[in-house]
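The values are calculated or read from the model by the stated rules, or taken from the named source; none is laboratory data. Remember, it's a predicted structure, so these values are computed and weren't measured experimentally. Positions of Cβ are backbone-derived with ideal geometry, glycine not excepted, and every protein chain shown enters the neighbour counts. The area values use the complete protein model at the heavy-atom level, side chains included, leaving out ligands, DNA and RNA. Shrake-Rupley method; radii C 1.70, N 1.55, O 1.52, S 1.80 Å.
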Amino acid sequence: VGPFVAGTVVPPDLSNVVALAAGEYHSMALRSDGTVRAWGQDINGDLTNTSGLNAIAAIATSGYHSLALRSNGTVVAWGRNWTGETDVPEGLSNVVAIAAGLRHSMALRGDGTVVAWGQAGATNTPPGLTNVLAIAGGDQYCVALLENPSLHRRLLALRPGSSTINATVSAFSGRLFTLESTESIAPTHWTPVTTLLGRGTIATLTDTNIVGAQKFYRLRRE
């Protein structure tokens, strides 16, 4: 909630939401069917430009511009274009994650590299930046989470009564991902559930055979 009522009044018919993003005067929701719904003030086309979007895998927004990641690994951008933040680089593809700063945008590719565009300075990607797991944009800066092979990404996965877990990953090419489970919070043994070989795209590992009220999961990458 907040003082700008238009951006905080959720449409009453909104449902099947899987992700949210909030801008200065507008909000966005990604629905399970891959469409996007926006509400609030339409100052920079923040609302009207979501019409017709489909096959969307992720959304991001900052103060005045928005991004959407298509399931085919390409990016679409709209909103206020102060310094080129909505000018998606020509040929940008194989994207697995997106982030928006105040006047700049970022994309994480399936090979673990980062592309940034928009305000100078905020988009000066360090030479040789690779093995990136996640990205985020600030006011006039970017941050990247680098891979540490000695760490596991752990997921506290299950509520009582749940029957399915989906672990979505940026599956770098040639890497093997394994979803493992245990029934103890201090486990001595993890049981493999499913594996997949990364192909540089967004991928989902799923466990649909859940028995019991509580399980813990982790995602291991080799």
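Does Ile202 satisfy being open to solvent by 20 Å² or more (accessible area, probe 1.4 Å), part of a strand (DSSP E or B), at pLDDT below 85 and on the phi < 0 side of the Ramachandran plot? Walk me through it before giving the result.
Working: open to solvent by 20 Å² or more (accessible area, probe 1.4 Å): yes; part of a strand (DSSP E or B): yes; at pLDDT below 85: yes; on the phi < 0 side of the Ramachandran plot: yes.
When the stated conditions are applied, Ile202 passes them.
Among the residues of region 16-35, are any in contact with a strand residue (DSSP E or B) (Cβ under 7 Å, 6 or more places away or on another chain), of a type in the set (A, V, I, L, M), outside any loop (DSSP other than H, G, I, E, B) and in contact (Cβ under 8 Å) with a residue 40 or more places away in the chain?
Scanning region 16-35, I find at least one residue that is in contact with a strand residue (DSSP E or B) (Cβ under 7 Å, 6 or more places away or on another chain), of a type in the set (A, V, I, L, M), outside any loop (DSSP other than H, G, I, E, B) and in contact (Cβ under 8 Å) with a residue 40 or more places away in the chain, so the answer is yes.
Among the numbered conditions (1) closer than 19 Å to Val9 by Cβ; (2) among the basic types (Lys, Arg); (3) over 18 Å from the mean Cα position of the chain (by Cα), tell me where Arg37 comes up short.
The number of the failed condition is (3).
Only one of Gly118, Gly84 is touching a residue at least 12 places away in the same chain (Cβ under 8 Å), buried (at least 19 other Cβ atoms within 10 Å of the Cβ) and among the small types (Gly, Ala, Ser). Can you tell me which? It would help to see each step written out before you state the result.
Values: Gly84 fails: buried (at least 19 other Cβ atoms within 10 Å of the Cβ).
Being touching a residue at least 12 places away in the same chain (Cβ under 8 Å), buried (at least 19 other Cβ atoms within 10 Å of the Cβ) and among the small types (Gly, Ala, Ser) holds for just one of Gly118, Gly84, which is Gly118.
Is there a residue in region 125-143 that is open to solvent by 30 Å² or more (accessible area, probe 1.4 Å), modelled with pLDDT under 75 and out of contact with any helix residue (DSSP H, G or I) (no Cβ under 7 Å at 6 or more places or on another chain)?
no
Looking for whichever is at pLDDT 90 or above, touching a Ser or Thr at 6+ places or on another chain (Cβ under 9 Å) and open to solvent by 30 Å² or more (accessible area, probe 1.4 Å) here; the options are Ser105, Ser66, Ser27, Ser93. Which one fits?
On the way: Ser105 fails: open to solvent by 30 Å² or more (accessible area, probe 1.4 Å); Ser66 fails: open to solvent by 30 Å² or more (accessible area, probe 1.4 Å); Ser27 fails: open to solvent by 30 Å² or more (accessible area, probe 1.4 Å).
None of the other options fit; the residue is Ser93.
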